[in-house]
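The values are calculated or read from the model by the stated rules, or taken from the named source; none is laboratory data. From a predicted model like this one, the values you see are computed outputs, not experimental measurements. Because the Cβ atoms are built from the backbone with ideal geometry, glycine has one as well, and the counts that use them run over all protein chains shown. These accessible areas exclude ligands, DNA and RNA; they are computed on the full protein's heavy atoms, side chains included. Shrake-Rupley method; radii C 1.70, N 1.55, O 1.52, S 1.80 Å.
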Amino acid sequence: MGHCRVKVHLRLRPSCRPSTAIHVDHAAHTIRIDVLKQHGGGPPKPYNDQMVFPFDSIIQSSCQEAVFEQCARQVVEDVLGGYNGTILTYGQTGSGKTFTMTGDTKAYAHRGIVPRAVERIFAEKVAKPEAGITVHVSYLEVYNEGIYDLLPQRRLASAVNLVAMEDNGLIEIKGLNKMHVNTEEEAMKYFFEGERHRSVAPHALNQMSSRSHCVFTMFVERHSGLRTLQEVTSSKLNLVDLAGSERLKRTEVGGTTKKEAMLINKSLSFLEQAVFALRQGLGHVPFRQSRLTTLLKDALGGNCKTVLIVCAWAEDFFLDETISALRFAQRVKYLKTSAVINKKADAANTQRRYVREISELKQELALRDALTGRPSISYDELTEETRSALRERIQAFLAEEAGIDSIPIENFKQVKELFCLFKEAQVSLRGELEKLLRDYGGGPDTFLNHSQHDVDINPGSEEADDEECVGELDKEACF
Ligand SMILES: Nc1ncnc2c1ncn2[C@@H]1O[C@H](COP(=O)(O)OP(=O)(O)OP(=O)(O)O)[C@@H](O)[C@H]1O
Ligand SMILES: [Mg+2]
């Protein structure tokens with residue numbers, strides 16, 4: 001199991017009037033912020049306080065390709081290699097999270113991480129047909145503390161709130177639709193279908209503000225392609241576009257949008273608490289506090305390679321929010337996950353192995369029978385012929401026919417069959433007895449109770465040889 005640090009990148013939204021307090025050192029991958037603080041009463045006495053935040057990379061342009069190459073490409077390659085991966089965008093409202101993840105849907109050149117990741121995965125599927133790559137996609141949103149499928153198969157009158165469960169150490173959403181997709185176009189069709197259903201509303205800082213956290217997932221299965229090593233890897237890529245934190249005074253929202261904003265802020269603060277607990281190494285991490293933290297459990301500390309892209313405004317007006325996003329990023333930067341290649345048993349290969357093993361075990365038994373001088377015994381399923389021969393023998397045995405005082409035991413399958421046939425005989429006898437009683441009058445219970453004491457269904461003598469019993473196969477056991 002490889003422990004890997006969560007990678008954290010910063011994307012600053014291009015601005016016509018960037019804050020003079022922000023200084024980016026691209027060579028050192030650091031951002032320095034000179035904070036002006038007002039001290040005490042009287043005339044303001046500003047002084048400089050410098051804060052430096054290191055990142056894995058800092059991007060200040062609108063170039064979507066650069067973002068994919070620097071921040072996302074490696075995770076997508078890892079997913080193709082069998083690891084789980086998560087890419088998250090985080091930041092204040094309007095800072096560019098959806099632009100980074102989805103991109104500009106009207107300009108192909110400005111497509112975001114999702115379409116580029118889809119393109120890369122299908123390019124691999126086409127280039128390596130021997131790997132038999134299969135892809136499924138799902139798309140969900142966490143809206144007002146409920147999980148909703150953005151790809152419902154049937155239009156439902158009211159959306160169904162789904163449940164996140166832990167399965168085999170990984171978070172699974174019960175009932176979430178996973179669509180099988182053969183081509184890049186099909187995958188994008190589902191992505192755009194989900195985009196149409198996600199919750200969006202305008203406010204003062206963003207005309208298309210996401211009112212929910214969205215997760216587009218690609219499930220990738222891949223065969224090793226080698227005849228000698230029939231391995232299958234099964235991995236998933238979560239592309240998470242979080243809703244942005246917002247100060248209600250700035251976004252000037254009311255009614256439903258205000259309620260949504262409060263729940264978004266609350267869920268983001270639970271996310272911060274979970275990250276804080278992980279960073280501090282606290283025994284209990286409150287993942288279950290919200291749907292979002294439950295969903296992100298693997299990404300924050302489980303079997304996953306994770307990348308966080310913090311989006312931030314560069315203007316003075318938003319400096320406080322930018323600093324708090326940078327602080328959050330620093331905590332995430334020290335989180336460690338333990339990603340493994342997810343190998344899955346190949347069903348066809350496993351079946352072939354079992355068939356081979358069964359055949360070898362049969363040969364082993366045949367050899368043992370030959371060495372112990374037993375006649376050749378079949379370990380195959382009992383045929384109808386063998387079954388009726390056994391039935392006849394049981395009838396003769398129960399009727400105490402001369403010379404039939406035992407039933408030789410051959411193998412386990414035959415013993416099982418004998419039990420069934422004895423039961424069958426007992427039921428039939430009981431039926432006959434009941435009929436007799438009816439014919440002669442009198443209560444069947446009285447007779448049956450009486451008969452249980454009188455009728456000895458085991459006609460063997462009291463001194464019957466105990467060695468001749470079921471299970472003693474090595475000694476030519478008999479009933
Ligand atoms: N780096 C960027 N380059 C060019 N345009 C950008 C960039 N970042 C954001 N924008 C533009 O800013 C607007 C708001 O961006 P976006 O919707 O991505 O914000 P957001 O962080 O998702 O906000 P919210 O949290 O409200 O959903 C969009 O019109 C987007 O095109
Ligand atoms: Mg958004």
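General remarks:
- Gap separating the Cα centres of region 299-348 and region 183-201, nearest whole Å: 24 Å
- Alpha-carbon spread of region 220-298, three principal axes, descending order, Å: 64, 31, 17
- Average accessible area per residue (Å²) across the chain - probe 1.4 Å, nucleic acids and ligands excluded: 56 Å²
- Using θ = phi - 60° and Karplus 6.51 cos²θ - 1.76 cosθ + 1.60, couplings along region 420-430 (whole Hz; Gly, Pro as x): 4, 5, 4, 5, 4, 5, 5, 5, 5, 4, 4
- Axis of helix 319-333 versus longest Cα principal axis of the chain: the two differ by about 40°, to the nearest ten degrees.
- Relative contact order of region 283-415, defined on C-alpha pairs under 8 angstrom at six or more residues apart (%): 16 percent
- Förster-model FRET efficiency, 45 Å R0, L429 and H180, C-beta, rounded to 0.05: 0.20
- Taking each DSSP H run with n ≥ 4 as -39500 (n - 2.57) and averaging over every residue of the chain yields -12000 deg cm²/dmol at 222 nm.
- Additional length obtainable on full extension of the chain from R250 to S388, 0.36 nm per residue less Cα span: 41.0 nm
- Across the chain, the relative contact order, built from alpha-carbon pairs under 8 Å that are at least six residues apart, equals 19 percent.
- By a 1.4 Å probe calculation restricted to protein chains, K266 has an accessible surface near 110 Å², given to the nearest 10.
- At 0.890 mPa s and 25 °C, Stokes diffusion of region 323-401 via Kirkwood alpha-carbon radius, µm² per second: 127 µm²/s
- On Cα atoms only, tilt of 347-371 relative to the major axis of the chain in degrees: 30 degrees
- Accessible-area order (highest first, 1.4 angstrom probe) of the listed residues E172, E357, E432: E432, E357, E172
- Proximal lysines relative to K333, as straight alpha-carbon distance under 20 Å, when same-chain residues fewer than 8 apart are discounted: K7, K97, K297, K305
- Share of carbon and sulfur in the accessible heavy-atom surface of region 107-185 [1.4 Å probe, %]: 53 percent
- Note on the chain: Rg/Rh from C-alpha atoms, Kirkwood Rh, equals 1.26.
- Lysines with Cα under 23 Å of K413, excluding same-chain neighbours fewer than 8 positions away: K362, K423, K475
- Crossing angle, helix 255-280 versus the chain [Cα axis fit, 0-90 degrees, rounded to tens]: 80 degrees
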